[in-house]
1. Among the numbered conditions (1) more than 8 Å from chain C (Cβ to nearest Cβ); (2) within 21 Å of residue C:161 (Cβ to Cβ); (3) in contact with a helix residue (DSSP H, G or I) (Cβ under 9 Å, 6 or more places away or on another chain), tell me where residue B:41 comes up short.
2. One residue is enough: does the stretch C:244-256 have a residue meeting the conditions buried (at least 21 other Cβ atoms within 10 Å of the Cβ) and within 14 Å of chain B (Cβ to nearest Cβ)?
3. Restricting the stretch A:423-442 to residues that are within 28 Å of the chain's Cα centre (by Cα) and assigned to a helix (DSSP H, G or I), which is farthest from the other protein chains (Cβ to nearest Cβ)?
4. Name every residue in the stretch A:385-417 that is more than 22 Å from residue C:462 (Cβ to Cβ) and assigned to a helix (DSSP H, G or I), in order of residue number.
5. Can you name the residue in the stretch C:219-241 that is crowded, with 21+ Cβ neighbours inside 10 Å and more than 14 Å from chain B (Cβ to nearest Cβ) and, of all such residues, is nearest to the chain's Cα centre (by Cα)?
6. Can you find even one residue in the stretch B:203-212 that is out of contact with any strand residue (DSSP E or B) (no Cβ under 8 Å at 6 or more places or on another chain), in contact (Cβ under 8 Å) with a residue 40 or more places away in the chain and on the phi < 0 side of the Ramachandran plot?
7. Determine, yes or no, whether residue B:72 is buried (at least 20 other Cβ atoms within 10 Å of the Cβ) and more than 24 Å from residue C:385 (Cα to Cα).
8. What do you reckon, is residue A:420 closer than 25 Å to residue C:461 by Cβ and either touching a strand residue (DSSP E or B) at 6+ places or on another chain (Cβ under 9 Å) or assigned to a loop (DSSP other than H, G, I, E, B) (or both)?
């Protein structure tokens, strides 16, 4: 078979390693074969491509100094200062628990302390992306595939066939945002500012370099030329980074008029409302998503959580069972099923679910969560000692679990060990200052003399 | 203006401005002004330090505030206000003993008796756990200032001493001094309620609600009174308003649940009680009520779970044990049920329900002799009671008949039915719970972390 | 905002100048016929709070600035009043600056009245005599004597002297050699009181209150003191004064003090009587027409109303901190409203305790006044903290809908309980239990027992790691924190003694790790006594030995450091913990 054809076939079959190999062989024979070169770039890019929309992290403390004007946002216009949802717990980063893991929800208090103390530059580009770039470098024993510094970016910028793959290669594979941007600038100019694709790429680069406002301009300009879902979503993300959820909502609305019922934009809307504390509206949008896409795990899980926290565990149970029927087997899911069973009085099934969750959990952090919830089973059965044991196990697995410390303190207080309780409350407070319970409980303990009338 | 040389203006020239900016909440400007004034005066500006202290304290920087006030005191040791503020900071730092000494010093210095000092001394003594002295000083403060907060403190002290009658007297006096205070009206009403003076309680609470239609504590009290009179619709309407203002009140949700229970709307009752339990998972009263409701809906397994929790959390009350016994009986475990009843008997004095129920349990496991003895005991206890509930009498007669029959053969079906009725008799007592507003520790109920880790890559 | 549901606005937006750049304090803004031509002018004081505080008196005709003159100091209050009955009637302006009342007539300085100075202590007088006589005694020595007098009882001159460096003293003393020593007394607030008629153009007297609690009523023609009184018998510093009635008949003066008192002074009283005391500082006070009620805004966002006798009548809580109040007298509606300016830029109008209107302001209002301006009868002037000047005209058709039923809650009562719906699903699920309660019960009890077993087993397994909860029997708690990116880390261990009575003694910490992986700065550390309830921190520097040749095997728990807290002569450790060290970032290491 013709080697290039074979390489192409490999590429289509997503056998990227093989494709790269074949291309390398071709290039050894004919170093200037543009087709092979291009294909190799694309294969290399595809091999490590990650969806950078969903993996984008919104870094805490990434406030852009030059863009912030008012220090105290008006109520309802910022995600940082939401009206407290009373009945729903929050993650350690202060965002509401959403039912699905997504950027910004998985930071743990310990790591965020570490983050703040380290001198590592925090940019919008996630650490993951940097790592990937380096990993790619290591995999080539005989030097890098392309010597980026030697590239004539102006020349490539004008080449409509090569510029796009080269850009993606630079951006994703090399992680070299600066040169990628240079190329994008050249290409945009070569296209006389008429190619929306390049504008989006430019915005990506600006975003990675933390020039968010410039990114916004590029995206808006791209949208004027061509409406595309990805562009909308990137623009939404930019407003999220700027902590302007209302502007983001505007964009969502505009996007939804062009692409009615689009799942990914609807998802953004639902998440936004959730972040703003309007759970009802959020769930409404998630319901619409489920109508469009009956297999959307995020939407089903979020509706489930909504039902759980609005005292309808039986509905939550039904939604989680649906996810289970979709073939998901994870500790988290069984954990949630267990909780739903417990609160909807399906006592005989409760422990079975939790046992499965325990068996499936490998990560100590998830194990800790399961034990934490098991402590609730123990509390529901009135067995304080058992609850303390469960919480102790949870804390050994994850010694930064502030709610567990808080609950442990309360149980110790019940048993009359006030000083232990105090110490634990303090720990909980220090671990997660956004949690108000330890603070309140501490105050209660300290003012006990003033309240000893019970 | 005649001379060319201006007399230097006194330091106090701009004190009014410092004060003005402070009260208007222009904190940054005020701090700036204070900073400048202190600099200008070479750190001798008493008032600037004073206000700086006040502002620092409001920012919760109590230690720094304390230093600021100590500076004031150094500049002018004759000003009792400075010592008062120092003492207040010490109090906030929980150094009650030193705070007390400071207040006593302020009392010594001040030229006129000051109710505020007395009140604070009282507060210090309370914090140090010396109620007698606290009472003495608070009484002084009350006489001198007739301030609502002094009355409130005195009432608190009296309640903690268990002297409800005196507390009521004080609250009545307080109402004369400040007739429009909804807090005091509510407090007074709830006090009356506690000692069982329904009429004045109702009056106080009604006027509190009239003044402030959204006073949830007063609404709760009124609801409680009407609920006790079995006017469930009225009670519910009160609770409905209250619960919108205070959606996290355990007592409210508990009482609403019990109202629904009384109206035999069991599902609504369960919903409300579960809400209460969600807020306070360790509240045995809610657990007990939930258990009772589940008993009525024929869900003994759930009921057992709730009651078991209630018993574990409150192992010295009769009612949970009685209910637990009933649940066990339903679960066809009469031996353990009997144990529960016997435990209940230990904590109660002549509760007919418990006696009859244990008789029934004895009967079921076939210990007829014992059953007979238990029945005799009941008869003896109830002999002199003229106001015996008709249901109880019926049930005891039934039991007696059965027992006589059963001395020969074993037959049980009708009985278990009547047992349930009996457990409902006990429920009505339960309605009175929750009348005290539960100012309980904030049981961290919002702690169920539901996590789900499906990565949502497209 | 929900308050705008009160149909369309009752106000016409007449003028709004965001660039006016005014800094105007409350009581420093008024509308008066200062030129006598019936065209009411807006008079205000504009303060400049830069390093040199200065102030200007400005008069606006409509929106045009027509007079602007500088003032010697920041005035605390501005008043206008009529001094005589000569036609055309022309009010004068009074500005309280420091201890002086400056009178302006026709926009020109007209008269200055100074508050009588306070007595000077003999000692201070003596000191100055000595200083001026230029004896041989060194200045420092003489000045030292001043230190014995409380600072606040000195004259401004001595206060200044004490803050000077020794080198400047001579010059300073020389400067004041021939000037009489005075202890002036700053004015803190001011108002006017009608003489014998309550007509708006009749003669009235200025009423001044000073920092040291004196109150003066002045004759407006001769500028002599007609009446002098102490504000209160306790220590009270006036901050706001309001007056009602007529001087020659009967009057009541209310003084709000910084000490949260409001005191009352009536005709011929030499000392004020404390009328009431609020719980929070007083922001502003307004006497309602008819002298029936007094409304007091306090810094805890409350608007309170008290009766003549000082009984609290009602209280309304505002959404934001109150910055100023203003009275809106609407004679054509025979209505008096209170405008409450709040932080964030909103103004609420209250008719007694009921909010009747909401007016948005550009930002937080600093001073509000209402009255006749130009030819327009009902104008509200708002000066904001941001410096915006804003005029609003009340529409002639405006009524404030007072007939509306303002009772609470037909809406609240009709709302159903926020209960979740119970569906068929719920019933089906409960049916499961009803059908077979015994099985469910037994299986759950078995499960619970199994849980106890699992938890006990797990606890036993992880007994080697007690970080976090600590040892509850010994009441010791250990928490660890790892700082750094690697290969150098700092390990911070915090040991907490949770026992309230006993101190921890004879303990030592032992660190254990694989020397091929980590090098520590400490391996064994005797721990000093930890008093009850306190904590002890151990810093340990950790260096990771990076061995390029050996592939790191992270699965075998090589990246852990174990810590034991042991007590002397005890075989079992008191506490054991395992610390998982983060992996060194290879990138950071190579860089």
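1. (1)
2. Yes, that holds for at least one residue.
3. Filtering first and then ranking leaves A:429.
4. Within the stretch A:385-417, A:410, A:413, A:414 meet the criteria.
5. At the first step, the residues of the stretch C:219-241 found to be crowded, with 21+ Cβ neighbours inside 10 Å are C:220, C:229, C:231-232, C:236-241.
Remaining after also requiring more than 14 Å from chain B (Cβ to nearest Cβ): C:220, C:229.
Values: C:220: 37, C:229: 31 Å.
Among them, the one singled out is C:229.
6. Within the stretch B:203-212, not a single residue is out of contact with any strand residue (DSSP E or B) (no Cβ under 8 Å at 6 or more places or on another chain), in contact (Cβ under 8 Å) with a residue 40 or more places away in the chain and on the phi < 0 side of the Ramachandran plot.
7. Values: buried (at least 20 other Cβ atoms within 10 Å of the Cβ): yes; more than 24 Å from residue C:385 (Cα to Cα): yes.
The answer is yes for residue B:72.
8. The answer is yes for residue A:420.
The values are calculated or read from the model by the stated rules, or taken from the named source; none is laboratory data. Bear in mind the structure is a predicted one, so any value in this text is a computation, not a measurement. FYI the Cβ positions are ideal-geometry reconstructions off the backbone, even for glycines, and counts take in every protein chain you see.
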